[in-house]
Amino acid sequence: MAIINIYLHSEGKTEEAFNFYKSVFGGEFCTFVRYSDMPDQSGCGEVSDSEKEKIMHVALPIGNGNTLMGADTLESMRHEIKTGNNFSISISTESKEETERIFNGLAEGGKVTMPLAKTFWSEYFGMCNDKFSILWMVNYENK
């Protein structure tokens, strides 16, 4: 069964925001990665020097099985925050087949923004906007 979490997108305020959420909810970050931590051959494109210390991925466990996640958007990668694209729904799946089924279902009638593929952080990952303009991230880690 897939697990759903909220993924927040910010224009350079992710670290500040997540330190605030940590003060409210308590706990510790289970992941905290800056763009400067990416491997050179990550396939994510070139990150400008001024953006390398921004947050690529942060995860804060909240309650029973919930995780609040987030990242800074990058101007150098032509990411621009607008009302409605400042969050995604992140789905963690249990198999490659489940990933494909969910991703293809959500993408039908919508727009694929990152096709399903292996990444340096995941066995299989993709992003899409569904036909209702909701942003989705589908991730299979093969633990």
Linear extension gain, VAL33 paired with ARG101, 0.36 nm per residue minus alpha-carbon span:
21.6 nm
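Can you tally the net charge around SER10? Count Lys and Arg as +1, Asp and Glu as -1, for every other residue whose Cβ sits under 11 Å from the Cβ of SER10.
On the way: positive: LYS13, LYS54; negative: GLU11, GLU15, GLU16, ASP72.
That works out to -2.
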List the residues of segment 79-114 whose backbone N lies under 17 Å from a point placed 7 Å from the Cα of TRP121 along the Cα-to-Cβ direction.
79-80, 86-93, 113-114
From zero outward in steps of 10 Å, how is the percent of C-alpha pairs of the chain spread across the bins?
11, 39, 39, 10, 0
For segment 3-140: lysine pairs with Cα atoms under 14 Å, gap of 8 or more or different chains, count?
4
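Values in this text are rule-based calculations from the coordinates and carry no lab data. This structure is a prediction, so every number in the text was calculated from the model and none was measured. FYI the Cβ positions are ideal-geometry reconstructions off the backbone, even for glycines, and counts take in every protein chain you see.
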